[in-house]
Every structure is written in C-alpha cells, then in structure tokens.
1. Identify which of T34, T304, T120 has the largest mean-square fluctuation in a Gaussian network model of the chain, with springs joining Cα atoms closer than 10 Å.
2. Please work out which option in (1) 31, 23, 17; (2) 28, 26, 22; (3) 34, 20, 19 gives semi-axes √(5λ) of the Cα gyration tensor in Å calculated from these coordinates, and answer with its label.
3. Long-range amide H contacts for A260: which residues qualify at under 5 Å (H placed 1.01 Å from N, peptide plane, sequence gap of 5 or more or a different chain)?
4. Quick one: Karplus J couplings for segment 34-47, per residue in order, coefficients 6.51, -1.76, 1.60, θ = phi - 60°, nearest Hz, x for Gly and Pro?
5. Is there a quick way to get the dipole size of the chain? I mean about its Cα centre, with the Cβ of Lys and Arg at +1 and of Asp and Glu at -1; what is the value in debye to the nearest 20?
6. Contour minus end-to-end for R181 and R312, with contour as 0.36 nm per residue of separation and end-to-end as the Cα-Cα distance?
7. In whole Å, what are the extents of segment 75-187 along the principal axes defined by its C-alpha atoms, from largest to smallest?
8. Which FRET efficiency, nearest 0.05, do D97 and V197 yield, Cβ-Cβ r, R0 41 Å?
Amino acid sequence: MTDQRWTRRTVMVGLSTALPGLAFATSASPLAATFDVARRLPQLRSLIITHRGKILEAEAFRGPPLDRPVNVKSVSKSLISALTGIAIDRGELSGTDQLIAPLLRRTVPRRADRRVHDITVGDMLSMRSGLQELSGAAYGVWANSKNWIYDALSKPMVADPGTAMLYSTASYHILGAVLSRVAGTDLHDLAGQRLGVPLGIDIPEWTRDPQGRFLGGNDMRISPLAMIRFGEMYRRGGDWRSVRVVPRDWIDRSWTPYTASVETGHGYGWFLWQTGGYDVIYARGYGGQMIYILPGLEMVVAMTSDPSRPARLGGHLGDLNRLLAEWIVPAAESLA
C-alpha cells in the first residue's frame, strides 16, 4: 500500500462535501512542526486536528486516505456507549440500573453464577460486571468459542457486580446484544440509523459472532474523519449540525469517572477515559486508535495507527499522548 499525504489544499477540496458540518481554518497553519514529529512515528497512520469545529490540519501519513473506514478497535465501545444512551432516551431501556439477564432471556446459561442476574447495564458500561476479563491474552480463546455470549456468562465471576474494574470486550458484546434485542434490529443497522445517518458517516458491516450477532465493542470501521465527527458531536454536547444525536445528560454522565485504570490511573466513565492537565477525555482502541476531546480548549483530535501492532504506555501510546501534550496543545494555544 502506497503512502498518501494530504496537503491542505487536497483536504479542503476532497472533504468539503464529505464534511459539510466542519469549516476549515483560513489562516496559515502553525502546526507544521507538529506534523513533522507525527510523520516520524512509524505506527501512526493519520492525524486530524480541529479547533472550534474547524479542521486546522489533516494528513494521512501512510495507509488508507482520511475518508476511508478503518478498524478502530475498542473505539467501537464508545460507539456502543452512545447507542446505549440513545436507547435509554427512546425508552427501549429503562436506565443504567436495568438488569441485563431478563433482556438476554435464554442466552443466560443455567449454570451461570447467580450474580450474573445482578449485573446492570451500567455495570457493563463501566466494566464492573464482575465477569472474567476477556480481552488481551484471553480474547483469542473467547473469540474462538462456539457462542461468545454463552461462553462469557458461563465463566466463574471474579467480583461482585458494580465493584472492581475488569476490562472485557465480552461485556460490550453482551451489551450490544441487549441493544439489538430491545431495538428489534441488528447492531449494524442500529449504528447506521442512529449514528451513521445523523452524523453523515459510513459504518460498514464488521465482525459477527457464530450466531450472526455483530461484535459489540471491537472491530467497527469508521474513517478518521468520522472519528472527528463523533468527537465533535460529543464536544458539542450531543448535537451535530443542529440535530440532537445523543442526549446531553448522557454526555455528562459518560464523562464521569466511575473507576480508574490500573495501568494509567486515568478515570474511566462509560468507555471514555479522563485525565488531568487539559481535562482530556479520550476514546482508545488497540494499536493507537484515538479520539481526544479537550472541552476547555475546544479541540478534538483523531489519530489512527497500525491496528496489528500493540500501543503500550511505554511505547506508541506514550508517544501519542506526548504528541498531544507537547506539540498539538501548544500549537493550538498559539491560535487563541
């Protein structure tokens, strides 16, 4: 695959119709040095920076162009969280305290731990279901099982619901199945109707489980420009081009830390992480798929990276965080 570099002119010409809800800054960009640094990060594939809804600079360093859907890995969980808020607003779910077992019905194994029946929608969102972690090293074994939901609910629980943070893609897959059931349509159609249409973004089909359910919480594909739209919609309190996409109170509640990462110490809401300094809210996917939202600076930054390589805090993820803190933020502040 050949590298593709998007100059300012090609971004403006190529995206003017694709992104009618975003204007472009007209002054000369102060971000040239920032993008020089970004190009040297071998895993980084694209970078888009917006300020007050204006794209300051956007470039695909390598890999697909900025308008092509790519695997955003666990950023998918942020999309599922948004769909959960919409389902509650529509009355399909009664709230985050609603129990999931009655909604799953016969999908819950008879031999499941009795505490499975105490798990709520909010427990799933905040990764406090108490179910065994099925991410990282355990993900492959789980994804090769014959029934992903049955397998996840059959395993011994390791904590009471609502207590310890146990990061697990299986929890969001179960939540995705709940959303599909209460809405009466599959997760792909749900995402397309409730996020794709109002945001004007393409969400192609993605991975399904052996029962044909679309995977909740991983492998969804949206473009870097769609990531910016999603982030901007959250920054604007759930609105996009004067259309309410996600309830405003859901945005506030999503940004509330309910627990914290053992790895980073960053607060964890409903699949949105929070750190100090510039009050950064971010969605994160394996390999370095990132949406950073900085409400105080009125900024949104999207980054995509090689999804086949890990991004650890002491490696590529740390490089992305430093790129934001040491280069992007100071350059953006110079515009004020």
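Throughout, read-outs are computed from the coordinates displayed, never taken from laboratory work. Everything numeric in this text was worked out from a predicted model, so none of it was measured. FYI the Cβ positions are ideal-geometry reconstructions off the backbone, even for glycines, and counts take in every protein chain you see.
1. T34
2. Here semi-axes √(5λ) of the Cα gyration tensor in Å agrees with entry (3).
3. Y268
4. 4, 6, 4, 5, 4, 4, 7, 7, x, 8, 6, 9, 8, 8
5. Charge dipole, the chain, about its Cα centre: 520 debye, nearest 20.
6. Extra length from R181 to R312 when fully extended: 43.6 nm.
7. The Cα atoms of segment 75-187 stretch 35, 28, 26 Å along the principal axes, largest first.
8. 0.90
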